[in-house]
Structure formats: C-alpha cells, structure tokens
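Engineer: Here's a structure for you.
Quick note: the coordinates plus some simple rules give every number you see, no bench work behind them. These figures come from a predicted structure and were not determined experimentally. Please note: Cβ atoms are built from the backbone with ideal geometry, for glycine as well, and neighbour counts cover all protein chains shown.
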Amino acid sequence: MSEPVLYQVTDLWKSYSNGIRDVQVLKGVNLTVHSGEGVAVTGPSGVGKSTLLHLIGLLDRPGRGELMLDGMDVMTLSDTDRARIRNRRIGFVFQFFQLLPEFSALENVMMPGLIAGEPERALRKKAMKLLAEVGLADRATHRPGELSGGEQQRVAIARALIMDPDILLADEPTGNLDPNTGAEIEHLLKDLNVSRRTTMVVVTHKEALAKSMDRRVGLIEGKLEELE
C-alpha cells in the first residue's frame, strides 16, 4: 500500500500458564497495518485472536517482540504512558459492548474524553454528532438497558471514535447480535473505514465482515498468515 505504516508488530510471543505448564498462544506473530487500512483477523476459537488484539491495544504485555505505533516503540513505555495512549490513540469495540449501565448513551460516548479532561461542552457536541452518525441521535438520553443489542453496539462504536483514534480495534463486534443486526454493524464498520478512513483491526468469525475489509489474515498455530 502507498499509505504509511501505522502499526508494526514484529516477532510477538505470548504464553499463559494453565496451572500445570505454560501454553504458548502466539509464536512469533508479524503484522503490518497501514494508515486507513481495514484488516480482519480470523481463525478458530481459542487460537489467540483476542490475545493478539489485547496486545496491540496495550491491554496486556507480550512475552517478547516489538510493537511500533506510528514509529513509537510502545513496549518501552510506562504503564501510565500506555494508559494515556490507549485513551487518546486507540479505540475499542468489544463483543459485549462494555457500556456503563448507569449512564446515558451520550454520557457513555463522552466517557473517554471526560477521562482525558476534554472540555465538556465541546465533547458533548462531538458525542451528539457521532451518535447521529451511527443513527442514534434520538436515543442519546437512553441508558444501555433501554437499548437493543445493535443500538448498544452503535453506542460502543461512537464511544470508540470520540477521541479520533489512530486505530480502531474490534473484537467480535457482531458476535453477540442476531444476523440482521450483525449485518447492520458490519456495514457501519465498513462505511467508517471507507468514509472516515478509520484504520481498523477486526477479529471476527463472520465471513461477510472479514471479506469487507481490505485484507484478511488468519491466526494459525500461533502465527499469522495472509489469506486470499
């Protein structure tokens, strides 16, 4: 691609202990993500797709390997600096939405900006614009329990975009939705990738969502392989 490299993952290893022995999940993973690119990560359950996404999102640390975000070695950063980067430069969308039940849709979208200390008035205006963008302008005052699964995931996507992140990471974003609603979220993610040029890495079992991305990679026996 002609676009610059945004994220470079090199020789990434990760293991976990099952109480008896260490289980090697990732075995020298390499991945290059260009600015504006949409990448789908596929593979059977339990092979480490979510683990990889958590490492890329700085939610966990690998056993060894290199993670470069926009030319910066994030492996060398302190926990405080990593948290700041997660808040400001990385957006997350999870399978189970992870919305705060006591807050409205608008407040949930605003939350990363409030944590970062952004001015509330400007943040509120931006959050309303994002809710409109995902088709929920009329649901801004509703709490998560008053929203459908698809609506909750749209709120989660708006929240992930509130800080204008460099990269959006989505872990099975349609896995907890019925087929029709899941298809709507798939279209929304692809539209964001195309219209906003939002860089995405999406873990998914859904063939349609994977095919809609610019590139597909498969996690097989601890390594990533390019797919047709």
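Engineer: Counting DSSP beta bridges with both partners in region 5-227, what percentage is antiparallel, nearest 5?
Structural biologist: 55 percent
Engineer: Listed highest first by mean packing, meaning other Cβ atoms within 10 Å per residue, what order do 150-161, 122-133, 51-62 come in?
Structural biologist: My ranking of the peptides, most packed first, is 150-161, 51-62, 122-133.
Engineer: In whole Hz and in residue order, list the ³J(HN,Hα) couplings for region 42-51 that follow from phi through the Karplus curve 6.51 cos²θ - 1.76 cosθ + 1.60, θ = phi - 60°; x for Gly and Pro.
Structural biologist: Calculated HN-Hα couplings, in order: 10, x, x, 4, x, 8, x, 4, 5, 4 Hz.
Engineer: Let me ask something else. Using a 7 Å offset from the Cα along the Cα-to-Cβ direction at both Asp11 and Arg197, what is the distance between the two label points in nm, to one decimal?
Structural biologist: 3.3 nm
Engineer: Compute the FRET efficiency between Asp60 and Asp138 as 1/(1 + (r/R0)^6), taking r as their Cβ-Cβ distance and R0 = 35 Å, and round to the nearest 0.05.
Structural biologist: 0.40
Engineer: What distance in nm lies between label points placed 7 Å from Cα along the C-beta direction at Leu227 and Asp214?
Structural biologist: Between Leu227 and Asp214, the label points sit 1.9 nm apart.
Engineer: Using the charge dipole of the chain (Lys, Arg: +1 at Cβ; Asp, Glu: -1 at Cβ; taken about the Cα centre), state which of Met72, Ser212, Gly150 has its Cα farthest towards the positive end.
Structural biologist: Checking the options against the dipole of the chain, the answer is Met72.
Engineer: Taking a 30 Å limit on the Cα-Cα distance, which of the listed pairs Lys27/Lys211; Lys129/Lys223; Lys27/Lys206; Lys190/Lys223; Lys49/Lys126; Lys126/Lys223 fall beyond it?
Structural biologist: Going by Cα-Cα distance, Lys129/Lys223; Lys49/Lys126; Lys126/Lys223 fall outside the 30 Å limit.
Engineer: Once fully extended, how much extra length lies between Ser148 and Asp79, figured as 0.36 nm per residue of separation less the alpha-carbon to alpha-carbon distance?
Structural biologist: Length gained between Ser148 and Asp79: 21.3 nm.
Engineer: Provide the convex hull volume over Cα atoms per residue for region 118-228, in Å³.
Structural biologist: 125 Å³
Engineer: Moving to a separate point now. Using the alpha-carbon centroid of each, what span in Å lies between region 1-30 and region 80-154?
Structural biologist: If we compute the Cα centre of each part, the gap is 29 Å.
Engineer: At 222 nm, what helix-only mean residue ellipticity would the chain give, in deg cm²/dmol to the nearest 500, using -39500 (n - 2.57) for each DSSP H run of four or more?
Structural biologist: After summing the helix terms and dividing by residue count, I get -11000 deg cm²/dmol.
Engineer: Grab the Cα-Cα distance for Ser35 and Ala116, subtract it from 0.36 nm times how many residues apart they are, and report the gain in nm with one decimal.
Structural biologist: 26.8 nm
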